[in-house]
Structure formats: C-alpha cells, structure tokens
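Report on the following structure.
Derivation of every value follows stated rules applied to the coordinates shown; laboratory data play no part. A quick note: this is a predicted structure, and the numbers were derived from the prediction, not measured. All Cβ positions, even for glycine, are placed from backbone atoms using ideal geometry, and neighbour counts span all protein chains on display.
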C-alpha cells in the first residue's frame, strides 16, 4: 500500500516539476534534458538523425529512434487512432484525474489534438483522407495546423502538411515489430514537387513558415515524445481494450 501511494506521489511530483522546469529554464538551455510524466525524457543523442537540404530548396529531417521497448505496431496504430481521447492514468493505476492522453506523450509541448474528419473502414480503422488538427509548441514556435492523412496501415502513418490544398511538406511515421519492441522512424520533409510552381512554394514555406530552426526544434520534440511511448501506450492499450 505504501509503495503504491509513493508511486502516485512521485508521479504528481514529476508532473508538477515537468511544467515548472519548462516555464523556468528549459528554454534557456535547449540541450537540457526535460522531465516528463515518467521521469527524464529521451535526449537528442538517443536517436540517429540526419538533416538534409534538398536541391529544390527544401529541407528534410530523418530520425531513427531507439527501440520502443514493449510496444507493438498494433499498440502504436491504436494510439494514433485514439490520441484525441482522455485518460485517468496516473502512472500507477486509472484512479487519477481525467487528462488528455495527448499530454502524456509530451507534457511540455502538447496542447490539443482532435480529428476534424475521421473516416473509418468496416473494422473501425482510420482511413486515408481523414483530417486531424494539431496544436502544440516546440522551440518557442506555436504549431496550430490541420493535416491530411495520406497513409495509415501496419507499416506507415503519414500525413500531408499544407494549406488551401497546397502541399507544403509531408510527415512519415514508419514502424515495424522487432523482438524488443517497435522500430520507429520519423521523417519530416518540407518541399513541394510541383514541376511548375514547386520551387517557389518551397521557398515561401521555408522562408515564412517552417525554416531550419523550426525543423531542428521539431526533431528534439519528436525524439522526446516518441521516447515516452513505451512508458504508457501498452498500458493504456491493455486497459481500454479489455
């Protein structure tokens, strides 16, 4: 009984400290390791990363994350499909306060996420053509955008970035099972491949919307949130799929 109460208290302390550390000094030292719901979040060096400048003026960031231990592809698909819901998970059991599940993934940066249009197949799985709205902040930059799902299956979950039907980029989530857990790769490309206006659109996007600084801040953010997955996604999956 004492151990359970201690774990709950520790979870509350970590939750409180995660917000305090963000507001007090995280932005002063971007290399400093953040504290999430479950303790220290993954550092930038925990992943293998590449950053490229493309011939058309675009930019591409690729991240090969550490193995998500204990996580399966089914866990991850379920998480992405139900990321907009709430939970009472408190780090020990499900008797805590109701909070957005999205906040468990990154308590510093995540604000809100919801499905604007959720297309489902006969098995209840999300289909391409669905739209999600994401509101988050990283590196001092607010992201408040809608994305179009272009692929969602047992190998990849991808969406197109842009506005007014004009493509500004693409985010790829590629995953596969391994004996230890999910192998996870994310790749964000800011580029438009239209043969006539592509270079102009790419220049405008990288100049005024998503520049190198923002993309590199996203890399840090993505490593941190992805690294939290193993701490709670399998637990939520098992609880809500009894």
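So the values come out like this:
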quantity	calculated
Angle in degrees between helix 198-208 and the longest Cα principal axis of the chain, rounded to the nearest 10	50
Per-residue [θ]222 nm for the chain (sum of -39500 (n - 2.57) over DSSP H runs n ≥ 4, rounded to 500)	-10000 deg cm²/dmol
Proxy reagent accessibility, fewest Cβ within 10 Å first, across 226, 130	130, 226
Whole-number D in µm²/s for the range 42-240 (Stokes-Einstein; Kirkwood sum over Cα pairs; 4 °C, 1.567 mPa s)	74
The chain, relative contact order in percent, only Cα pairs under 8 angstrom and at least six apart counted	23
Ranked 104, 204, criterion: other C-beta atoms within 10 Å, fewest first	204, 104
Relative contact order, percent, the range 164-237 [alpha-carbon distance under 8 Å, six or more residues apart]	20
Neighbour-count order for 73, 182, 126, fewest beta carbons within 10 angstrom listed first	73, 126, 182
Projected label distance in nm at residue 67 and residue 211, using a 7 Å step from Cα toward the beta-carbon	4.1
Angle in degrees between helix 212-240 and the longest Cα principal axis of the chain, rounded to the nearest 10	40
Between helix 2-21 and the chain: long-axis angle, C-alpha atoms, 0 to 90°, nearest 10	30
GNM flexibility winner over the chain from 166, 214, 83 (Cα, springs under 10 Å)	166
